[in-house]
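S.K.: What follows is a single structure, and I will ask about it in a moment.
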Amino acid sequence: MKKNYPIILIISCMIGLWVTGCQSGKSVPPPAPLLPVPSENQLAWHEMEMNAFIHFTTNTFTGKEWGYGDESPSVFNPSELDTDQWISVLKETGFKGVILTCKHHDGFCLWPSEYTEHSVKNSPYKDGNGDIVKEVSDACKKYGLKFGVYLSPWDRNHKDYGNPGYITYYRNQLKELFTGYGSVFEMWFDGANGGDGYYGGKREIRRIDRETYYDWPATLHLVRGIQPEVVFFSDAGPDIRWIGNERGYAGETNWNTITPDTLYAGKAGIQKLLNTGSIDGSHWIPGEVDVSIRPGWFYHAEEDSLVKTPEQLFDIYLTSVGRGAVLLLNVPPDRRGLIHENDVRSLQDFGELLHETFSNNLASGATVKASGYRGKSSQFSPNNLIDGDKETYWTMDDDAVTGSFELEFSEAKTVSYVLLQEYIPLGQRIKSFRVEVWNNDEWETVSEATTIGHKRILQIKPVKTSKIRINITDSKACPVISNIELY
Ligand code: FUL
């Protein structure tokens, strides 16, 4: 049965805010949610902001990106595998979750699945007694990261791929992964289906009907029955959508809403739509930005000098997290079974850059005023914008779709980044806004932008000012903003 989390959440938020309003002597109801709104599971996922992808399989040892499916398990032989090294580096950088390619298109399984011989159990790794899914999920528990699963729907090894028997196999594997390794926060369904493969020795091209073959509704139902908190990623959702490119950027305009009827995995020409979402989309399906720290998804020694620099990673952070999406950065282990030194260095310096840039919030202690606030009730006052509480927000009367708030400092400060957050449990609203600074006794526009969503970070030319104003120039309904930070 479908759980009504969003409705329950909205009703409890409304009651909570109403009660607070009554306590302050004035009862002003909060704005009605602007549908669609995120589910509780999606909200928890938005909060994660930065997750890591780990691509590891026989490809790491054969130099391929897409294994054909005929690779012998004997090639899989990491000599110094240390998942504590992987997860501790990721934790230090600031990642909140990890998604592991438990099985990529080559069909090789990183856990000893009872349904196939094509797995670690027939590899030299720990003499066939290894289970890398267990090692990674255990390390995630140890370091406090969430664990997620990638299980490629396309399987170039399996003899039944393309026939109904394979769907049973795939579902059996999902049961193994969702019952044997603790809680799984995200399930990643890859849309790639290339056609040719080993397929149990047939070495042929197999085509499937992407819309019907996998019968996704039944598969998702099965998985949700085991772990109801999981969110599903695919090109088209249902919980998280692909952002339409693998280069690290969400649209400058990025709506969390989209109409799934216009999408299905692999459909040509939808990349642009996936990148921006649509203002009037019928469902809340936010974008995830998957991108690799290296040119390839798997480790190749010849790419050791091509690891993205800390500055490139920082730019990707701004065009993903800074545009309201979640970043999924791939960091592939090498043949030793370690994150390579070059990647470690880049990640550490990227983490340092994030810390340096976003640790001294210039907005704290500022005086805040707004062009107006809802029912003149203190529960919706602009002070909520800087109180560090994501459950409180500034909002206006129902008929207001424009409005502004300003922050005044006791002395002039140099601002380079403006960070804003909408209170998305009530829906995504803002269509356009300007950032203005007080200069020579007048307001000067220093940046113009469109959507905000969970988080928007605007980098501006560093400017010294005593006052900064956010001027909302259009919104789908009255603006509801929970947070502003300045750096
Ligand atoms: C793609 C795959 O084909 C790549 O190998 C990689 O796994 C990437 C994340 O998704 O569709």
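S.K.: Write down the accessible area per residue of region 367-486 in Å², having rolled a 1.4 Å probe over the full set of protein chains.
M.R.: Accessible area per residue: 40 Å².
S.K.: Hey, got the dipole for region 150-243? About the Cα centre, +1 on K and R Cβ, -1 on D and E Cβ, debye to the nearest 20?
M.R.: Its charge dipole is roughly 300 debye.
S.K.: Give the cross-link partners of LYS464 among the lysines, using a straight C-alpha distance below 17 Å as the criterion and excluding same-chain residues fewer than 8 apart.
M.R.: Straight-distance partners of LYS464: LYS413.
S.K.: So what is the relative contact order of the chain, in percent, for Cα pairs below 8 Å that sit 6 or more residues apart?
M.R.: With pairs under 8 Å counted, the relative contact order is 16 percent.
S.K.: Can you list, bin by bin at 10 Å, the percent of alpha carbon pairs in region 105-228, starting at 0?
M.R.: Here the calculated profile for region 105-228 is 12, 41, 35, 11, 0.
S.K.: While we're looking at this one, here's another question. Report the relative contact order of region 367-486, percent, no decimals, based on alpha-carbon pairs under 8 angstrom and at least 6 residues apart.
M.R.: 37
S.K.: Here's another thing I want to ask about it. Of LYS369/LYS455; LYS103/LYS476; LYS64/LYS308; LYS64/LYS126; LYS103/LYS272; LYS121/LYS308, which sit over 31 Å apart, Cα to Cα?
M.R.: Table pairs above 31 Å Cα-Cα are LYS103/LYS476; LYS121/LYS308.
S.K.: Rounded to a whole number, what % of the accessible area of the chain do carbon and sulfur atoms account for, probe 1.4 Å?
M.R.: 50
S.K.: Using DSSP to call loops (not H, G, I, E or B), can you name the trypsin sites (Lys or Arg not before Pro) in region 339-444 whose Cβ has at most 16 other Cβ atoms within 10 angstrom?
M.R.: Listed in order of number, the matching sites are LYS390.
S.K.: Based on Cβ point charges of +1 for Lys and Arg and -1 for Asp and Glu, what charge dipole magnitude is obtained for region 367-486 about its Cα centre, in debye rounded to the nearest 20?
M.R.: The dipole of region 367-486 has a size of about 260 debye.
S.K.: Report the Rg/Rh value for region 367-486, based on alpha-carbon coordinates and the Kirkwood definition of Rh.
M.R.: Result: Rg/Rh = 0.94.
S.K.: In Å², what does the accessible area per residue of region 40-357 work out to with a 1.4 Å probe?
M.R.: That works out to 37 Å² for each residue.
S.K.: Next up: Take ILE460, ILE205 and sort them by solvent-accessible surface of the protein heavy atoms, 1.4 Å probe, largest at the top.
M.R.: Largest accessible area first, the residues go ILE205, ILE460.
S.K.: So what is the calculated 222 nm ellipticity per residue for the chain, using -39500 (n - 2.57) for each DSSP H run with n of 4 or more, over all residues, to the nearest 500 deg cm²/dmol?
M.R.: -7500 deg cm²/dmol
S.K.: Taking every alpha carbon pair in the chain, what does the distance histogram look like in 10 angstrom bins from 0, in percent?
M.R.: 4, 19, 28, 24, 14, 8, 3, 0
The values are calculated or read from the model by the stated rules, or taken from the named source; none is laboratory data. On a predicted model such as this, the values are computed, not experimentally measured, just so you know. Cβ: placed from backbone, ideal geometry, glycine included. Neighbour counts: every protein chain shown. These accessible areas exclude ligands, DNA and RNA; they are computed on the full protein's heavy atoms, side chains included. Shrake-Rupley method; radii C 1.70, N 1.55, O 1.52, S 1.80 Å.
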